[in-house]
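Novice: Encoded as structure tokens, here's the structure I'll be asking about.
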Amino acid sequence: MTVRMRAALIVLASLTTLALVAPWLSPWTPDALDWENLATPPQWAQAHWFGTDRLGRDLFVRGMQGLRISLTLGLLATLVSVCIGVSWGAVAGYAGGRLDAAMMRFVDIVYALPYVFIVIILSTMLPRGSLAALFIAIGAVGWLTMARIVRGQTLSLRQREFVTAAIACGVRTPAILWRHIVPNVASTVIAYATLTIPQVILFESFLSFLGLGVQEPVASLGSLINEGAQEMETSPWMLLVPATLLVTVLIALSVLGDALRERKAHD
């Protein structure tokens, strides 16, 4: 394990642990209002370690809630895109011929459509503010690159001796895909999925910033950044807290993904 990978894992583990235990560390809840401390900077006297927003809500607790929501959405949306992309790419690459051509032309058509436009349409069609709707909307169009990667890997794997031997032994196609193709592309999928998570988190933050993502009283890092941007001149900590958390998570995930990709390339 490289130094970069170890450092990224330590940062991610620390932030995840802090986000999970935050409700027990602070006496405040995400929706509790402190009318005596409206938009106050960080202070220890009232246990507002990251300050409060304009309604007197504790930014430490809300920031950790936003971190939990963003990480959860990133993981779930990436899981959806991986499941769809791996299934689509493996079937297309193994089948070949007209089926492969038809499936990949569909991918090309969807690729040509504006990604943001599709997600915004899906997020507005589904129940607004629903976390399930968000990760379904993002994951439903985030599988295209994964499908292409898996298809390319499958095209080379289907010519290998162990696949030929499985076919000669009468093993059915679903079993070949599940037992031989998918396990051999797993390392590539994991490396790319690690790079997909920060993209999903950033896109969810963008949607929440536009008001199309997580809705009150729940907060994500994107919605907190949106609130902080409106108060940045008078209360800069309201923007600095969620922005710092978002940047730290994105950098750690990107470093981890790059390290895994380089490790895969050297194997």
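Please treat every number below as a calculation from the coordinates, not as lab data. Note that the coordinates shown come from a computational prediction; the quantities given were computed from them, not determined experimentally. We place every Cβ from the backbone using ideal geometry, glycine too, and count neighbours over all the protein chains shown.
Novice: Work out which GluC sites (Glu not before Pro) in the chain are exposed loop sites (DSSP not H, G, I, E or B, at most 14 other Cβ within 10 Å) and give the longest gap free of them.
Specialist: Answer from the scan: 37-232.
Novice: Provide the net charge surrounding Met104, with neighbours chosen by a C-beta distance below 12 Å and charges set as Lys +1, Arg +1, Asp -1, Glu -1. Mind showing how you got there, number by number?
Specialist: Values: positive: Arg98, Arg105, Arg148, Arg151; negative: Asp100, Asp108.
Net charge in that neighbourhood comes out at +2.
Novice: Now for a different question. Quick one: longest stretch of the chain between exposed loop chymotrypsin sites (Phe, Trp or Tyr not before Pro), exposed meaning at most 11 other C-beta atoms within 10 Å and loop per DSSP? Intermediate results must be reported in sequence, preceding the final value.
Specialist: Working: sites that count: Trp35, Trp44.
It runs 45-267.
Novice: Ordered by residue, what ³J(HN,Hα) values in Hz, to whole numbers, does segment 18-35 give under the Karplus form 6.51 cos²θ - 1.76 cosθ + 1.60, where θ = phi - 60° and Gly and Pro are x?
Specialist: 4, 5, 6, 8, 3, x, 9, 8, 10, x, 9, 10, x, 9, 6, 10, 9, 5
Novice: Still on this structure, please answer the following. Cβ under 13 Å from Ser235's Cβ, Ser235 left aside: what net charge do those residues give with Lys, Arg +1 and Asp, Glu -1?
Specialist: -2
Novice: For Phe106 and Val171, what is the calculated FRET efficiency with R₀ set at 22 Å and r taken between the beta-carbons, to the nearest 0.05?
Specialist: Numbers: r = 28 Å, r/R0 = 1.27.
Working from the Cβ atoms, E equals 0.20.
Novice: Could you list, bin by bin from short to long, the percent of Cα-Cα pairs of segment 60-184 in 5 Å steps?
Specialist: 2, 11, 16, 17, 15, 12, 10, 7, 5, 3, 1, 0, 0
Novice: Right, something else. Starting from the amide H of His48, placed 1.01 Å from N in the peptide plane, find each other amide H under 5 Å away whose residue is 5 or more places distant or on another chain.
Specialist: Amide H neighbours of His48, under 5 Å, 5+ apart: Gln43.
Novice: Here is a follow-up. With loop defined by DSSP as not H, G, I, E or B, and exposure as at most 15 other Cβ atoms within 10 Å, which is the longest segment of the chain clear of exposed trypsin sites (Lys or Arg not before Pro)?
Specialist: Counting only loop sites that pass the neighbour cut-off, the longest clear stretch is 173-267.
Novice: Another question, if that's okay. With labels modelled as points extended 7 Å from the Cα through the Cβ direction, what inter-label distance (nm, one decimal) is found for Leu79 paired with Gln230?
Specialist: 3.3
Novice: Once you order the gyration tensor axes a ≥ b ≥ c over the Cα atoms, which shape class does the chain get: rounded for a/c under 1.5, otherwise prolate or oblate by comparing a/b with b/c?
Specialist: Note, shape of the chain comes out prolate.
Novice: So, one more: Is the C-alpha gyration tensor of segment 200-248 telling us rounded, prolate or oblate? Criteria: a/c under 1.5 is rounded; beyond that, a/b larger than b/c is prolate, otherwise oblate. Mind showing how you got there, number by number?
Specialist: Details: a/c = 2.06, a/b = 1.37, b/c = 1.51.
Oblate, because a/c is 1.5 or more while a/b does not exceed b/c.
Novice: Between Ile136 and Trp178, 0.36 nm times their residue separation minus their Cα-Cα distance comes to what?
Specialist: My answer for the length gained is 12.7 nm.
Novice: While we're on this one: With each run of n ≥ 4 DSSP H residues scored as -39500 (n - 2.57), what mean residue ellipticity at 222 nm is computed for the chain after dividing by its residue count and rounding to the nearest 500 deg cm²/dmol? Before the final figure, lay out the partial values.
Specialist: Working: 11 runs with 193 residues, N = 267.
It lands at -24500 deg cm²/dmol.
Novice: Just going by the charge dipole of segment 113-267, with Lys and Arg at +1 and Asp and Glu at -1 on Cβ, which of Val119, Met232, Gly139 is farthest out on the positive end?
Specialist: So the residue furthest toward the plus end is Gly139.
Novice: For segment 139-267, with only Lys/Arg (+1) and Asp/Glu (-1) charged at the beta-carbon, what is the dipole magnitude about the Cα centre, in debye rounded to 20?
Specialist: It works out to roughly 1080 debye.
Novice: Each label point is 7 Å from the Cα along the Cα-to-Cβ direction; what then is the distance between the points at Gln215 and Glu161, in nm?
Specialist: It works out to 6.0 nm between the two label points.
Novice: Report ³J(HN,Hα) in whole Hz for each residue of segment 134-144, in order, from the Karplus equation J = 6.51 cos²θ - 1.76 cosθ + 1.60 where θ = phi - 60°; Gly and Pro get x.
Specialist: Along segment 134-144, the couplings run 5, 6, 5, 5, 6, x, 5, 10, x, 9, 5 Hz.
Novice: Then there's this: How much net charge surrounds Leu195 when only the other residues with a Cβ under 10 Å from the Cβ of Leu195 are counted, with Lys and Arg +1 and Asp and Glu -1?
Specialist: Counting the neighbours of Leu195, the net charge comes to 0.
Novice: Could you give the size of the charge dipole of the chain about its Cα centre, using +1 on the Cβ of each K and R and -1 on the Cβ of each D and E, expressed in debye and rounded to the nearest 20?
Specialist: 1360
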